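First up is the structure itself, then whatever we jot down about it.
The values are calculated or read from the model by the stated rules, or taken from the named source; none is laboratory data. The shown structure was predicted, so the numbers you read here are calculated from the model rather than taken from an experiment. Here the Cβ positions follow ideal geometry from the backbone for every residue, glycine too, while neighbour counts run over all protein chains shown. Please note that ligands, DNA and RNA were not included when accessible areas were found on the heavy atoms of the full protein model with its side chains. Shrake-Rupley method; radii C 1.70, N 1.55, O 1.52, S 1.80 Å.
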Amino acid sequence: TFSNDIMVDNWAPINVHAQGGYIKSVLKKDDPSMNLDYPAVQFSIAFVSIGARSLVSLYFPMFVVFLIGLLSLTIGIFDFSRLGMIVSSVPMLVLFRMVIDSTSPPVAYATHLDFTFYLLVFLSLMILFIQMFIVLEGQRVKDLDKTVKDEVKNKLKKINTISFYSLLILLIVLMSYNFFR
């Protein structure tokens, strides 16, 4: 049972377990008659986090930084600020790993938060490579005649649109997988 005086903020007990038994103390290795057995009880309590504090403080900033990078695909094809947005958001997202490491418990497996972080970094790097390709192609055709430039611009717009929707669908599918795994 729990006393009402115990203060455990944002955590609720979900399971209590007690196991009794004996612990053996070896006083002398060579003489088994010197071993002592004494009763012991091991108590364990499982808690679950209640509230949305960790959800807001960890997931929300990661998604905001990622969406800034994703929305860079909506800026004009020959605008250099599109590359600047994703170039600045990738390091912010990577540095957010220090925040995750300081707040997450040390475990040997990948948590939902770890999977989300790796997914957003991977998708951000894909956006970065797409942006670099589009900006470099735009610079390559900058001095060509207008018909070739318009043709390349339309091709880059199609690549940009397909990339935007593909990355958005990939984000939805993989986040759904992360939620239900």
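May I ask for the angle, rounded to the nearest 10°, between helix 60-71 and the longest principal axis of the chain, with both axes built from Cα atoms and the value confined to 0 to 90°?
So the inclination is approximately 20 degrees.
For the chain, modelled as a Gaussian network with Cα springs under 10 Å, which listed residue fluctuates most, Ala108, Ala18, Ala52?
Ala18
Consider the candidate values (1) 39, 23, 12; (2) 57, 19, 13; (3) 70, 12, 10; state which one is semi-axes √(5λ) of the Cα gyration tensor in Å computed from the structure displayed.
(2)
May I ask for the longest run of the chain untouched by chymotrypsin sites (Phe, Trp or Tyr not before Pro) that are loop-located per DSSP and have at most 10 neighbouring C-beta atoms (other than their own) within 10 Å?
With a cap of 10 other Cβ atoms within 10 Å, the longest stretch comes to 3-108.
Angle check, please: helix 81-103 long axis (alpha carbons) against the longest principal axis of the chain (alpha carbons), in degrees 0 to 90, nearest 10.
Helix 81-103 sits at roughly 0 degrees to that axis.
Where the centroid of each part is defined by its Cα atoms, how far is the range 121-144 from the range 163-181 in Å?
22
When the helices in the chain are scored as -39500 (n - 2.57) per DSSP H run of 4 or longer and the sum is shared across all residues, what 222 nm value do you end up with, to the nearest 500 deg cm²/dmol?
Calculated mean residue ellipticity at 222 nm is -19500 deg cm²/dmol.
In a Gaussian network model over the chain where Cα atoms closer than 10 Å are linked, find which of Ser44, Ser166, Ser25 has the largest mean-square fluctuation.
Ser25
Need one number: nm distance between label points at Tyr109 and Gln19, each 7 Å from Cα along Cα→Cβ, rounded to one decimal.
1.8
Multiply the residue gap between Met175 and Ser3 by 0.36 nm, knock off their C-alpha separation, and tell me the result in nm, one decimal place.
That pair, Met175 and Ser3, stretches by 58.0 nm at full extension.
Would you mind getting the accessible area per residue of the chain, heavy atoms of the protein chains only, 1.4 Å probe, in Å²?
Ligands and nucleic acids excluded, the figure is 70 Å² per residue.
Along the charge dipole of the range 1-127, pointing to its positive end and built from +1/-1 on Cβ of Lys, Arg, Asp and Glu, which listed residue (Val48, Phe60, Val26) has its Cα farthest out?
Value: Phe60.
Which trypsin sites (Lys or Arg not before Pro) in the range 14-73 sit in a loop by DSSP (not H, G, I, E or B) and have at most 16 other Cβ atoms within 10 Å of their own Cβ?
Listed in order of number, the matching sites are Lys28, Lys29.
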